[in-house]
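The values are calculated or read from the model by the stated rules, or taken from the named source; none is laboratory data. Just so we're clear, the structure is a prediction, and the values are computed from it rather than from any experiment. With ideal geometry, Cβ positions are generated from the backbone for all residues, glycine too; neighbour counts draw on all protein chains shown. Surface areas here come from the heavy atoms of the whole protein model, side chains and all, with no ligands, DNA or RNA. Shrake-Rupley method; radii C 1.70, N 1.55, O 1.52, S 1.80 Å.
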Amino acid sequence: MGLWSRLFSKKKDAPEVEERTLLNIQVGDMITYELEDYEVVGKMTLNDHGFQWFEYQLEVPGEKSLWLSVEMDDELEIAVYKKIKHPVSEPIPKTLTVDEVSYTLDEKGMAEVSGQGRSSQLSGQTVTYYDFSNEAEDQLVAIEVWNGEIEVSQGHTAQDYEFQIIAGSR
């Protein structure tokens, strides 16, 4: 085999890497979003009576962490969240005001969780979730209740073209 053949021939032993989309991201993949490179360090698959969506924990090591929520409803719905400190207690209200923005409850339910990476300890748990949006439906608040512990995240909608995914595994 000549030099050119070795350089330009397809290696038969090279493993096929599955093309990544927002619906099949894996722990270890890299995602570029808003000119920052994030590593996928956790993945949760949530299932509410057969309706399934994904939440990915993205991290710039030592700097910041985001959550990317992706679901295929009638169309692809994408949101990016950051955890915030906001006083909320049960029962969860139907309206919230966070940073002077009013949010209304859109959806609530309970979902079974399957986790990978940093989220693996959540497998088998059930979370109660509450999704809120502002009037324009572009700013969001998500509340999750885990065994009585309340987590609040604030975010916004996003578009698929805003993300570049680089597979870190097969």
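Can you tell me which of (1) open to solvent by 60 Å² or more (accessible area, probe 1.4 Å); (2) polar (S, T, N, Q); (3) within 21 Å of Leu22 (Cβ to Cβ) is the one Thr157 doesn't meet?
Of everything listed in (1) open to solvent by 60 Å² or more (accessible area, probe 1.4 Å); (2) polar (S, T, N, Q); (3) within 21 Å of Leu22 (Cβ to Cβ), Thr157 misses just condition (1).
Before we move on, is Lys64 at pLDDT 95 or above and basic (Lys, Arg)?
Here the answer is no, as Lys64 does not meet what is asked.
Given Ser89, Ser133, which one is open to solvent by less than 80 Å² (accessible area, probe 1.4 Å), farther than 27 Å from Gly28 by Cα, in contact (Cβ under 8 Å) with a residue 40 or more places away in the chain and not β-branched (Val, Ile, Thr)?
Numbers: Ser133 fails: in contact (Cβ under 8 Å) with a residue 40 or more places away in the chain.
Sole residue among the options that is open to solvent by less than 80 Å² (accessible area, probe 1.4 Å), farther than 27 Å from Gly28 by Cα, in contact (Cβ under 8 Å) with a residue 40 or more places away in the chain and not β-branched (Val, Ile, Thr): Ser89.
Looking at the range 92-118 only, could you name the residues that are open to solvent by 70 Å² or more (accessible area, probe 1.4 Å) and of a type in the set (Gly, Ala, Ser)?
Taking the range 92-118 and keeping what is open to solvent by 70 Å² or more (accessible area, probe 1.4 Å), we get 94-95, 97, 99-100, 102, 104, 106-108, 110, 112, 116, 118.
Ser102 - this is the single residue of the range 92-118 that is open to solvent by 70 Å² or more (accessible area, probe 1.4 Å) and of a type in the set (Gly, Ala, Ser).
Please list, ordered by residue number, the strands (runs of 3 or more DSSP E) wholly in the range 99-170 having 3 or more residues that are under 18 Å from Glu59 (Cβ atoms).
Result: 101-117, 149-158, 163-166.
When you go through Val40, Val70 one by one, which is the residue that is among the β-branched types (Val, Ile, Thr), under 28 Å from Gly148 (Cβ atoms) and modelled with pLDDT of 95 or more?
On the way: Val40 fails: under 28 Å from Gly148 (Cβ atoms).
None of the others qualify; the one that does is Val70.
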